[in-house]
Amino acid sequence: MIQMQNPDSPLRVVEGSGVTFDDIGGLEDVKKQVRRRIINPFTGKRELFRKFKRKAGGGVLMYGPPGCGKTMLAKALATECNAGFYNVRAADVLDKYVGVAEKTIREIFATARARRPVVLFFDEVEALAQRRQMETTAKINTTVSALLTEMDGFSEDNDGILFLGATNVPWSLDSAFRRPGRFDRSIFVPPPDKVARGFILKRLLQDRPVASDLETSQIIDKTSGFSGADLSALVDTAIDIAIEESVSETDLEPLNNTHFKEALREVKSSVGEWLGQARGFADYANADGMYDDLAAFLKKYAR
């Protein structure tokens with residue numbers, strides 16, 4: 001159920017564009033968590049939630065390195081979730097004039113309560129929920145406070161509203177957003193595993209001229225730690241090399257092992273720096289267990 005967009009509303013409908021979970025390779029554990037925590041409360045199991053007196057709502061934070069599918073998961077949710085699905089962008093909230101951002105936040109939540117069940121999707125949520133510090137400007141502090149107040153729903157009932165946040169830097173969020181009823185549940189979205197890389201590579205090569213002896217298994221093995229965006233960049237680079245070698249559209253050079261060998265010398269994983277930074281938080285700032293999934297991933301996969 002996607003609501004029509006009101007041009008005067010700060011809420012923007014997230015169109016799924018037909019993307020479903022079937023279009024997302026791997027990430028089976030992540031998709032399982034998303035179904036349980038987000039989709040079930042708003043679809044066929046809504047009555048079960050009522051029987052158990054379990055409110056449909058609260059907050060879920062998806063975090064992980066850039067280019068690994070957080071936004072695509074949100075688009076799939078827009079398709080599969082039987083609820084209004086709205087994108088709350090920092091650019092539509094933040095304003096140079098004092099008091100405007102707070103007013104916009106109140107309007108967003110008032111609109112969401114009128115249209116529930118609703119999922120409010122905060123992409124790059126750290127822009128709105130950044131950590132408050134002594135040197136932080138008063139404008140940022142009041143914006144964060146206004147968002148926290150609305151998420152708590154002290155004066156209004158937030159049942160039927162789920163807050164979905166996505167961020168590359170969860171450690172930048174103000175700690176107050178981790179309390180119950182806010183972003184109290186987290187889902188780590190890791191770089192694609194071997195199965196996922198194979199799925200992504202197959203999709204990227206679909207309907208393109210490919211040599212019959214292209215060894216995709218070797219490409220998959222050599223791209224451990226690549227994000228989905230990195231794999232896309234790798235294929236684009238190989239394509240550029242193939243186009244350079246092609247004479248014409250009727251005498252072209254299909255994508256082959258040599259093209260990818262050369263592309264792999266140019267394109268490297270972009271998530272290494274993120275994982276290095278994240279390790280410090282998983283090792284030394286995980287008292288509340290927020291980074292348990294990240295720590296398990298680093299122990300199993302990171303070199």
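The values are calculated or read from the model by the stated rules, or taken from the named source; none is laboratory data. Note that the coordinates shown come from a computational prediction; the quantities given were computed from them, not determined experimentally. Quick reminder, even Gly has a Cβ in these numbers, built from the backbone with ideal geometry, and neighbours come from all protein chains shown.
In the range 259-273, is there at least one residue being part of a helix (DSSP H, G or I), modelled with pLDDT of 90 or more and among the polar types (S, T, N, Q)?
The answer is no, given that none of the residues of the range 259-273 is part of a helix (DSSP H, G or I), modelled with pLDDT of 90 or more and among the polar types (S, T, N, Q).
Determine if the range 183-203 includes at least one residue that is under 30 Å from Asp152 (Cα atoms) and of a type in the set (A, V, I, L, M).
yes
Taking the range 210-248 as the search range and keeping residues that are at pLDDT 95 or above, in contact with an Asp or Glu (Cβ under 9 Å, 6 or more places away or on another chain) and in a loop (DSSP other than H, G, I, E, B), which one is farthest from Cys68 (Cα to Cα)?
By that ranking, first place goes to Ala211.
In the set Leu162, Leu120, Leu128, which member is in contact with a strand residue (DSSP E or B) (Cβ under 9 Å, 6 or more places away or on another chain), closer than 25 Å to Gln277 by Cβ and in the same structural domain as Cys68 (by TED's automatic domain parsing)?
Leu128
Show the residue pairs meeting these rules: Cβ distance below 6 Å; 6+ apart or different chains; first residue within the range 206-223 and farther than 17 Å from Ile243 by Cα and outside the structural domain of Leu255 (by TED's automatic domain parsing); second residue surrounded by 12 or more Cβ atoms within 10 Å (Cβ to Cβ) and modelled with pLDDT of 95 or more.
As it stands, the answer is none, since no pair meets every condition given.
How many residues are in a strand (DSSP E or B) and surrounded by fewer than 17 Cβ atoms within 10 Å (Cβ to Cβ) when one looks only at the range 158-176?
Summing the residues that are in a strand (DSSP E or B) and surrounded by fewer than 17 Cβ atoms within 10 Å (Cβ to Cβ) in the range 158-176 gives 0.
Under 8 Å by Cβ, and 6 or more places apart or on different chains, what pairs join a residue from the range 180-195 that is closer than 25 Å to Leu162 by Cα with one that is of a type in the set (Ser, Thr, Tyr) and part of a strand (DSSP E or B)?
Short answer, once both residue conditions are applied: Ser186/Tyr63; Ile187/Tyr63; Phe188/Tyr63; Val189/Tyr63.
If a residue must be free of Cβ contacts under 8 Å to residues at least 12 places away in the same chain and closer than 10 Å to Leu147 by Cα, how many such residues does the range 91-102 contain?
Of the residues in that region, 0 qualify.
Filter the range 161-184 for residues that are over 14 Å from Tyr63 (Cα atoms) and either of a type in the set (D, E, K, R) or at pLDDT 90 or above (or both) and give the result.
The answer is Asp174, Arg179, Arg182.
Quick check on the range 229-252. Is at least one of its residues outside the structural domain of Asn168 (by TED's automatic domain parsing) and in contact (Cβ under 8 Å) with a residue 60 or more places away in the chain?
Yes, because at least one residue in the range 229-252 is outside the structural domain of Asn168 (by TED's automatic domain parsing) and in contact (Cβ under 8 Å) with a residue 60 or more places away in the chain.
Quick test for you: out of Lys32, Lys70, Lys53, pick the one residue that is under 28 Å from Ile105 (Cα atoms), modelled with pLDDT of 75 or more, assigned by TED's automatic domain parsing to the domain that holds Gln130 and out of contact with any helix residue (DSSP H, G or I) (no Cβ under 7 Å at 6 or more places or on another chain).
Answer to the check: Lys70.
Taking only pairs six or more apart or across chains, which ones have beta-carbon atoms under 8 Å, a first residue in the range 117-144 that is modelled with pLDDT under 65, and a second residue that is β-branched (Val, Ile, Thr)?
Lys139/Val98
Every residue in the range 177-195 that is of a type in the set (A, V, I, L, M, F, W, C) and either crowded, with 16+ Cβ neighbours inside 10 Å or outside any helix (DSSP H, G or I) (or both), please.
Phe177, Phe183, Ile187, Phe188, Val189
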